[in-house]
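Notes follow the structure.
The values are calculated or read from the model by the stated rules, or taken from the named source; none is laboratory data. Note that the structure is a prediction, hence the values are computed from the model and not measured. Ideal geometry is used to build each Cβ from the backbone, glycine not excepted, and the neighbour counts take in all protein chains shown. Areas reflect the complete protein model, heavy atoms only, side chains present, ligands, DNA and RNA absent. Shrake-Rupley method; radii C 1.70, N 1.55, O 1.52, S 1.80 Å.
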Amino acid sequence: GVADHFEDKVFFVPLASLADPELVLPTLVQALDLSDRSTESLLGKVQSTLGNKHLLLLLDNFEQVLDASPVVVELLGACPRLKIMVTSREALHVHGEHQFHVPPLGIADPANLPTIETMKSIPAIALFTERAQAVKPDFTLTEQNAMPVAAICTQLDGLPLAIELAAAHIRLLSPREMQTRLDNRLLLLTGGPRNLPPRQRTLRAAIDWSYNLLKKEEQTLFTRLGVFVGGCTLAAAEAVCINKEEQGFNLQEGIESLLDKNLVKREEGADGDSWFTMLELIHEYALERLQASGEEEEIRGLHSAYYVVLTDRGEGELKGSAQKAWLDRLEQEHANIRSALTWLLSGHTSLALRLSGTMSIFWHFRSHPKEGVRWLKDALAAAGRDIPALERARALHALSLLSRDKGNHKESIAWSEESLALYREA
């Protein structure tokens, strides 16, 4: 596309097969069709050959050979009309570098779809349609399949490789059938063309490629971050992902490294502080790694303990001047709290009762009474009668409040009377 802008052409230099930074210069010499038999250094040869030429070097997949970054700087310094474009899953962090983050493709909201003609021009849907037609020429976007196609592209985060792999299954599955099978996206998204590199034939292989580039400590951090649902704060990551034996590990540097490699994204949280998230496909992969790591129970225990403490604090704050800020904060953390409750109900019922009790004020103010009643009933049933009277009284009082919010006054009165009797007894 830009070849006409460069007097001396564009050279594409694929580096994906390299693992040794020392091989970058020989690969560059080969791409430029230069002889390497002279006594001149390879860097000197490339510099003297390029000299004042006006050309573009495209260095593709630089992430495995980042230690060769000084070569890029030296070439640019010696060749004034040279331009270099680098694709990499991690920034080079050298002087003069301009970073451009390639975003996912634009998607459509399945709940608010535009016209079919408008949908055809939405990038993710256009790619799905194009790739589906490559294997099933009569495939077209219709009123019947528009919603599931939009939902598929949304569930795949607008990632081009994921969309291509999904569309390849259109011969076997209709868009609606495909949508129902995306609960485990990493299993479905396979079968890329044989002429592609192995890392692009399945989505798992593509993410494996990035994961294997991480240092061991970064792999551990990435895996443990899989316990969070919908994202987390830096404080939450620190409390859950770093154990006592690893206090020497710099969590902030670890998160920055994952941000560099686009395995984690930073957004602004409810209170303006950093909120770290993963694309859903990446999160699914991290969670798989956590489940296979042998430390899932420990990490889920730390995760749940953090949210028990957070909501204990929040319960008091919700009754004061910081109520709005804490309602917003708990709304942001709601998915994590649900996850913690689910885990606690499997064997830590007293903590489940405590957490659901402290969340009752939030559920009351943010109009989640139905959900709150369900969690409290489940926690009370799991705990049975073998809990201190005050704990049960407190949970019943919360249940009464939320039942009233639902308009179930008869049940609300019954819970209140039982709660009051336990308080008096205690």
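Keeping all protein chains in place, calculate the accessible area per residue for segment 222-329 (probe 1.4 angstrom), answer in Å².
46 Å²
Which value, in debye to the nearest 20, describes the size of the charge dipole of the chain about its Cα centre when Lys and Arg Cβ atoms bear +1, Asp and Glu Cβ atoms bear -1, and nothing else is charged? Mind dumping the intermediate values first?
Values: 44 positive and 58 negative charges, 229 e Å.
So the dipole magnitude of the chain works out to roughly 1100 debye.
For helix 349-365, what angle does its Cα long axis make with the longest principal axis of the chain, in degrees from 0 to 90 and rounded to 10?
90 degrees
Which of Arg289, Arg354, Arg404 moves most in a GNM of the chain, Cα contacts under 10 Å?
Judging by the Gaussian network model, the answer is Arg404.
Only Cα pairs under 8 Å and at least 6 apart count here; give the relative contact order of the chain as a rounded whole percent.
Averaging sequence separation for qualifying contacts and normalising by length gives 8 percent for the chain.
Can you give the relative contact order of segment 7-165 as a percent, counting alpha carbon pairs under 8 Å and 6+ residues apart?
Numbers: 207 pairs, mean separation 30.3, N = 159.
Over segment 7-165, the number comes to 19 percent.
How big is the equivalent ellipsoid of segment 1-139 along its three axes, where each semi-axis is √(5λ) from the Cα gyration tensor, reported in whole Å from largest to smallest?
Details: eigenvalues 305, 54, 48 Å².
Each semi-axis is √(5λ); the values are 39, 16, 16 Å.
Could you list the square roots of 5 times each eigenvalue of the Cα gyration tensor of the chain, that is, the equivalent ellipsoid semi-axes, sorted largest first and rounded to whole Å?
On the way: eigenvalues 545, 150, 66 Å².
For the chain, the semi-axes come out at 52, 27, 18 Å.
Could you run the Karplus curve 6.51 cos²θ - 1.76 cosθ + 1.60 with θ = phi - 60° over segment 251-263 and give me ³J(HN,Hα) per residue in whole Hz, x for Gly and Pro?
Once θ is set to phi - 60°, the couplings for segment 251-263 become 4, 4, 5, x, 5, 4, 5, 5, 5, 4, 8, 6, 8 Hz.
May I ask you to evaluate 6.51 cos²θ - 1.76 cosθ + 1.60, the Karplus curve with θ = phi - 60°, for each residue of segment 46-54 and list the ³J(HN,Hα) values in order in whole Hz, giving x for glycine and proline?
5, 4, 5, 5, 6, x, 9, 5, 9
Output needed: percent of Cα pairs per 5 Å distance bin for segment 302-395, bins running from 0 to the one holding the longest distance.
2, 15, 27, 26, 19, 8, 2, 0
What percentage of the solvent-accessible surface of segment 276-426, computed with a 1.4 Å probe over protein heavy atoms, is contributed by carbon and sulfur atoms? Show your work: numbers first, answer last.
Working: 3800 of 7180 Å².
The computed percentage sits at 53.
Name the lysines eligible as straight-distance cross-link partners of Lys261: C-alpha to C-alpha under 19 Å, and not fewer than 8 places from it in the same chain.
Lys215, Lys216
Hey, what do the phi angles of segment 21-33 turn into as Karplus ³J(HN,Hα) couplings, whole Hz, using 6.51/-1.76/1.60 and θ = phi - 60°, x for Gly and Pro?
Karplus-based 3J(HN,Hα) across segment 21-33 equals x, 5, 8, 5, 5, x, 5, 5, 4, 5, 4, 8, 6 Hz.
Can you pull the accessible area of Thr115 for me, 1.4 Å probe, Å² to the nearest 10?
Approximately 90 Å² for this residue.
Excluding same-chain residues fewer than 8 positions from Lys319, which lysines have a Cα within less than 28 Å of its Cα?
Lys319 reaches Lys370, Lys377, Lys406, Lys410.
Gain in length, Asp60 to Asp328, computed as 0.36 nm per residue apart minus the alpha-carbon separation, to one decimal in nm? All intermediate terms of the calculation are to be shown ahead of the outcome.
On the way: separation 268, 0.36 × 268 = 96.48 nm, distance 4.28 nm.
Contour length minus Cα-Cα distance gives 92.2 nm.
By how many nm would the segment from Ser174 to Glu288 grow when fully extended, if each residue of separation counts as 0.36 nm and the alpha-carbon distance is taken off? List each step's numbers first, then the result.
On the way: separation 114, 0.36 × 114 = 41.04 nm, distance 2.72 nm.
Full-extension gain reported as 38.3 nm.
Which residue, Ala111, Ala382, Ala305, tops the fluctuation ranking in a GNM of the chain built on C-alpha contacts under 10 Å?
Ala111
For Glu267 and Met147 in the same chain, what is the full-extension length gain: residue separation times 0.36 nm, less their Cα-Cα distance, in nm? Provide the component values of the computation, followed by the final result.
Working: separation 120, 0.36 × 120 = 43.20 nm, distance 2.82 nm.
Extending this stretch completely gives an extra 40.4 nm.
Considering lysine pairs in segment 1-157 that are 8 or more places apart or on different chains, how many have Cα atoms under 24 Å apart?
Values: Lys9/Lys45; Lys9/Lys53; Lys9/Lys83; Lys45/Lys53; Lys45/Lys83; Lys53/Lys83; Lys120/Lys136.
So the count works out to 7.
Specify the angular offset, from 0 to 90 degrees and rounded to the nearest 10, of the alpha carbon long axis of helix 146-155 from the longest principal axis of the alpha carbons in the chain.
Its long axis makes an angle of about 90 degrees.
Using a 1.4 Å probe and ignoring any ligands, DNA or RNA, find the accessible area of Arg181 and quote it in Å² to the nearest 10.
Counting only protein heavy atoms, Arg181 exposes about 140 Å² to solvent.
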